[in-house]
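Asks: Below is the structure I would like to discuss, written out as structure tokens.
The values are calculated or read from the model by the stated rules, or taken from the named source; none is laboratory data. Everything numeric in this text was worked out from a predicted model, so none of it was measured. Note that we place each Cβ from the backbone using ideal geometry, even for glycine, and neighbour counts take in every protein chain shown.
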């Protein structure tokens, strides 16, 4: 029994070091953190955006009789703010504890639409997925997660652990080919998703020099992929989107001060190498 207690104590002692090694990020205590805030704005003429026919389960998927659905891959406000852009610090290794917003860790399927469109979940964090629709859905994940979650009843809820950082694409395999969303699984807390006006804020950042990155999902439809509707076994086609856009800037954070960083996005924005 004495040796068992010793073994347990040894394991508990090394767990924090294992966690740090796995994520490459260490939580530290500091009192002089600064803030990075800014906007992502669209520049130039807006592109023509594809819409898909709401051609299945219209009583649930199209309660307003709109017939078509915007794929929500590029949302630009009247003041040119770009929503759903992920802004984060690249290769940051130390700082505050994980505090990503709870609203970005839960996905709802409502009227055959993913809410929210952009998810932000910490590594080893729990993603909660539910369905508010009384019909068959699946949440098929590709990328840093490969779950395929079936939903057969209104109110059903499933949770899964996201144990690999990176990008995860979300799609429905039950014939609702317009349903799409993206998820970033983050290994540190310095991530934000721009609001409907393109605003973002990163708080309590340790003073220092950083690279700040803006990431936006691809919005152009560049092809189609064929699959079988799980409900009907009919062959359907789902849109394939262009690659995400990434761009970055250097930023210096001073103790207890706020710094502004603004990004512009356009149809042919230059792309940098992937990586978080």
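Asks: Quick check: is even one residue across segment 33-54 touching a helix residue (DSSP H, G or I) at 6+ places or on another chain (Cβ under 9 Å) and either at pLDDT 95 or above or more than 30 Å from residue 260 (Cα to Cα) (or both)?
Replies: Yes, that holds for at least one residue.
Asks: Mind listing whichever residues of segment 82-94 are surrounded by 20 or more Cβ atoms within 10 Å (Cβ to Cβ) and outside any loop (DSSP other than H, G, I, E, B)?
Replies: 82, 86, 87, 88, 89 - these are the residues of segment 82-94 that are surrounded by 20 or more Cβ atoms within 10 Å (Cβ to Cβ) and outside any loop (DSSP other than H, G, I, E, B).
Asks: So residue 159 fits all but one of (1) farther than 18 Å from residue 129 by Cβ; (2) modelled with pLDDT of 95 or more; (3) surrounded by fewer than 17 Cβ atoms within 10 Å (Cβ to Cβ); what number is the exception?
Replies: It fails just one condition, (1).
Asks: Could you check residue 219 against (1) in a strand (DSSP E or B); (2) under 16 Å from the mean Cα position of the chain (by Cα); (3) in contact (Cβ under 8 Å) with a residue 60 or more places away in the chain; (4) farther than 25 Å from residue 27 by Cα and say which number it fails?
Replies: Result: residue 219 fails condition (1) only.
Asks: Give me the residue from segment 42-81 that is part of a strand (DSSP E or B) and under 23 Å from the mean Cα position of the chain (by Cα) and, out of that set, nearest to residue 248 (Cα to Cα).
Replies: 42
Asks: Turning to a different aspect of this structure: Restricting to segment 45-76, and then to whatever is exposed (fewer than 15 other Cβ atoms within 10 Å of the Cβ), out of contact with any strand residue (DSSP E or B) (no Cβ under 9 Å at 6 or more places or on another chain) and touching a residue at least 24 places away in the same chain (Cβ under 8 Å), can you tell me which residue is nearest to residue 229 (Cα to Cα)?
Replies: 63
Asks: Mind telling me which of the residues 180, 173, 204 ends up being free of Cβ contacts under 8 Å to residues at least 60 places away in the same chain, surrounded by 14 or more Cβ atoms within 10 Å (Cβ to Cβ) and under 28 Å from residue 125 (Cβ atoms)?
Replies: Being free of Cβ contacts under 8 Å to residues at least 60 places away in the same chain, surrounded by 14 or more Cβ atoms within 10 Å (Cβ to Cβ) and under 28 Å from residue 125 (Cβ atoms) holds for just one of 180, 173, 204, which is 173.
Asks: Return the residues of segment 229-243 that are within 26 Å of the chain's Cα centre (by Cα) and surrounded by fewer than 16 Cβ atoms within 10 Å (Cβ to Cβ); say none if nothing qualifies.
Replies: Within segment 229-243, 237, 240, 242, 243 qualify.
Asks: Give all pairs with beta carbons closer than 9 Å in which a residue from segment 99-122 that is without any contact (Cβ under 8 Å) to a residue 12 or more places away in the chain and at negative phi meets a residue that is in a strand (DSSP E or B) and crowded, with 20+ Cβ neighbours inside 10 Å; count only pairs at least 6 apart in sequence or on separate chains.
Replies: What qualifies is 115/107; 115/109; 115/181.
Asks: (1) in a loop (DSSP other than H, G, I, E, B); (2) touching a strand residue (DSSP E or B) at 6+ places or on another chain (Cβ under 9 Å); (3) surrounded by fewer than 20 Cβ atoms within 10 Å (Cβ to Cβ): which one isn't true of residue 188, the others all being true?
Replies: Residue 188 satisfies all of (1) in a loop (DSSP other than H, G, I, E, B); (2) touching a strand residue (DSSP E or B) at 6+ places or on another chain (Cβ under 9 Å); (3) surrounded by fewer than 20 Cβ atoms within 10 Å (Cβ to Cβ) except (3).
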